[in-house]
Amino acid sequence: MSARASSTFDRDALAILNRVFGYASFRGAQHSIVTHVAAGGDALVLMPTGGGKSLCYQIPALLRDGVGVVISPLIALMQDQVDALRELGVRAAFLNSSLGAREAAAVERAVAAGELDLLYVAPERLLTARCLELLENARLALFAIDEAHCVSQWGHDFRPEYLQLAVLHERWPQVPRIALTATADALTRREIVAKLGLHSAREFVSSFDRPNIRYRIVEKIDPKRQLLDFVAGAHAGEAGIVYCASRAKVDEIAHWLSAQGIAALPYHAGLDNATRSAHQARFLREDGLVMVATIAFGMGIDKPDVRFVAHLDMPKSVEGYYQETGRAGRDGAPAEAWMAYGLADVVQQRRLIEQSEADDAYKRVASAKLDAMLGLAETIDCRRVRLLAYFGESSPPCGNCDNCLEPPQPWDATEPARKLLSCIYRIRQASGFGFGAQHVIAVLRGHASERVRQHGHDALSTFGIGADLSETEWRAVLRQLIAQGLVTVDHARHQVLVLADASRALLRGERTLQMRRPKTESGRRAGRSARRARDASASDGTAAAPAVFGDATVEALFERLRQWRRATASTRGVPSYVIFHDATLRGIAERRPATLAELAGISGVGEKKLEAYGAELIDLIGSADP
Ligand code: ADP
Ligand code: ZN
């Protein structure tokens, strides 16, 4: 590309970003990507969810002559994507199996007449002779291959049609191609390059950090109550996803949340298709719904204003955790990833691996992945540092995770751990068989229950040697020992605890056990008020971390704006976020613009939206109590 062409694209790209999208500046690598593709270069873009991939092909499509063809497997999203673009004044349409013959023909005519800026197509549709011929006769600005990891036969999103997309380059060698994905690993990246023939594409790899997501992992004590505190507290009225491991639990939690006055819906593979899609559609369109779901829910959920993702069961791997929590906060506004985890999670996950039918090689991989996840859950250092390190990135402590905000106390649990190990040993020695966690802890704490007396365990030398620690603390120590493989659980025999060979080093004093000090009840309360104080101070702009709460007047106006948006969206038959994102409404609530010019200065208010909604909004703001 010539220097002149490139600098013209520079200026024009920024002008389109400001005027059409209403954003002040590009984020991260967006600018380089846009100018590279606009000048005719191929690109491979790896950016996390919410990183802003769409603009990377939308703006070049507007800068270049002809129509930009966007290939995506997510048919269910195309309508909303096209609606959102039309709201911005961009001429967009889609072709997929949901269109009737008449509607499809109208789109085809528009393509042939050169009346479109962007055309979204499903891959199977694109590869039909009819569609290829249509494109043959049209002027093409670019091809954008979204969700490009779908070419990977090893990934769970594999789409065979994606393999045939190499045909695009053969037929239209002069049309630039941009492939995009949020899947980070090097293997997938190499596969995309090979399968799509992108050898000469420039690679743009962004950091996978999601700075607006606050990570929080708490000990599971009373999970329903803890979930309710979390949802009804900091996230009242906000949209979120609650992940559970089983269908039965999804139903139970959705039901329970509803009974507590939280608008919640279930989603899992056991529900019939109609119910599932109805629930998904409501989640996308309505404000502030909570979706309680198994991991069957999520792929292609493009809702930008999911404010929290909560896990009531631990994911199997850090990849899973990253992907699921990543569905929060795509719009860049503050969001929270919260997980309650405890002894049962560790036991359950280990059991799933042990009892699986898979071969040993698979079990080793699965168990290594689980170890990494447990490491993240147990760490007393910055969660984000751990998370990014897993993906090969290094970073300083983030200041926006529980461990940074309320540093846990490190605890040398070597002595308690040795007591616990000896107790397991003594019990087995005395009775000839083992016992489960509850029994062992009762013996340690000197609790002479009927069962303890019946087996004569109140006479053991280890009876009562752990009276100084609470049940919660003992469970935390045991969780550590199981997480680190020093104790195993015999699932075939009533969850009996068994010493693993690895425990010998600790018993012999050759190693120590360092862990986070478990929170006691009073500790939890202190944590909560600390959080309240912090959130309050965050709203005056002094805290480095993004604020979750604002002050009351801002909050009140924000609520009114949301009501206005809900009404407007329903009249227009589009999801709320197609009108304005939360972040834009929040900007309006905070700055209270009094004129159209001031309103235009707020991020997310472009030319078309100013024209369509500006006057209404100024009236609404004017009539609200300051
Ligand atoms: P991705 O496809 O990478 O998950 P999107 O393209 O959906 O991300 O963008 C995520 C959000 O960020 C959207 O709400 C989008 O409007 C917003 N966004 C993207 N780029 C910018 C920017 N330069 N300035 C402000 N907001 C942006
Ligand atoms: Zn941190």
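The values are calculated or read from the model by the stated rules, or taken from the named source; none is laboratory data. This structure is a prediction, so every number in the text was calculated from the model and none was measured. A quick note on method: Cβ atoms are made from the backbone with ideal geometry, for glycine too, and the neighbour counts reach across all protein chains shown. Accessible surface is based on the protein model in full, side chains and every heavy atom, while ligands, DNA and RNA are left aside. Shrake-Rupley method; radii C 1.70, N 1.55, O 1.52, S 1.80 Å.
D by Stokes-Einstein for the range 1-123, Kirkwood Rh over Cα pairs, 10 °C, 1.306 mPa s: 104 µm²/s. Shape of the range 575-615 from its Cα gyration tensor (a ≥ b ≥ c, root eigenvalues): rounded if a/c is under 1.5, otherwise prolate when a/b > b/c, or oblate? Oblate shape, in that a/c is at least 1.5 and b/c is the bigger or equal ratio. With N the number of residues in the range 309-453, Rg(Cα) / (2.2 N^0.38 Å) evaluates to 1.31. How much of the pair distance distribution for the range 325-371 lies past 16 Å, counting alpha-carbon pairs only, in percent? Summing the P(r) tail past 16 Å for the range 325-371 gives 56 percent. Each 5 Å bin from zero up to the one holding the largest Cα-Cα distance in the range 413-526 carries the following percent of pairs: 2, 12, 23, 24, 20, 11, 5, 1, 0.
Taking +1 at the Cβ of each Lys and Arg and -1 at the Cβ of each Asp and Glu, which of L44, V346, Y57 sits farthest along the dipole of the chain towards its positive end, judged by Cα position relative to the Cα centre? Most positive-ward Cα: V346. Kirkwood hydrodynamic radius of the range 57-127, from the reciprocal of the average inverse Cα-Cα distance over all distinct pairs: 12.2 Å.
Counting only helical runs of four or more DSSP H residues, what would the 222 nm mean residue ellipticity of the chain come to if each run contributes -39,500 (n - 2.57) and the total is spread over all its residues?
-14500 deg cm²/dmol
Measuring nothing but protein heavy atoms, the accessible surface of the chain at 1.4 Å probe radius is 51 percent carbon and sulfur. Once the trypsin sites (Lys or Arg not before Pro) in DSSP loops with at most 11 neighbouring Cβ atoms within 10 Å are cut out of the chain, the longest remaining piece is 1-492.
For the range 304-387, GluC sites (Glu not before Pro) meeting the loop criterion (DSSP other than H, G, I, E, B) and having at most 14 other Cβ atoms within 10 Å: E357. Helix 273-285 axis versus longest C-alpha principal axis of the chain: approximately 70°, rounded to the nearest ten. Relative to the longest principal axis of the Cα atoms of the chain, helix 75-87 runs at roughly 50 degrees.
Treat the chain as a sphere of radius equal to its Kirkwood radius over Cα pairs and apply Stokes-Einstein at 25 °C in a medium of 0.890 mPa s; give the translational diffusion coefficient in µm²/s, rounded to a whole number.
91
Distant-in-sequence amide contacts of I178, defined by a placed amide H-H separation under 5 Å and a gap of 5 or more residues or a different chain, comprise A43, F143, A144, I145.
Measuring with a 1.4 Å probe in the full set of protein chains, what accessible area per residue, in whole Å², belongs to the chain?
44
Projecting the Cα atoms of L116, A105, M78 onto the charge dipole of the range 63-123 (Cβ charges, centred on the Cα centre) puts A105 farthest toward the positive pole.
Under a model in which nothing but the beta-carbon of Lys, Arg (+1) and Asp, Glu (-1) is charged, the chain shows a dipole of about 1080 debye around its Cα centre. Rounded to the nearest 20 debye, the dipole size of the range 193-234 about its Cα centre is 100 debye, using +1 on the Cβ of Lys and Arg and -1 on the Cβ of Asp and Glu. For the chain, the relative contact order comes to 13 percent (Cα pairs under 8 Å, sequence separation of at least 6). Per residue, the convex hull around the alpha carbon atoms of the range 270-373 comes to 125 Å³.
Which shape class applies to the range 347-394: rounded if a/c is under 1.5, otherwise prolate when a/b exceeds b/c and oblate if not, where a ≥ b ≥ c are the square roots of the Cα gyration tensor eigenvalues?
Cα axes put the range 347-394 in the oblate bin.
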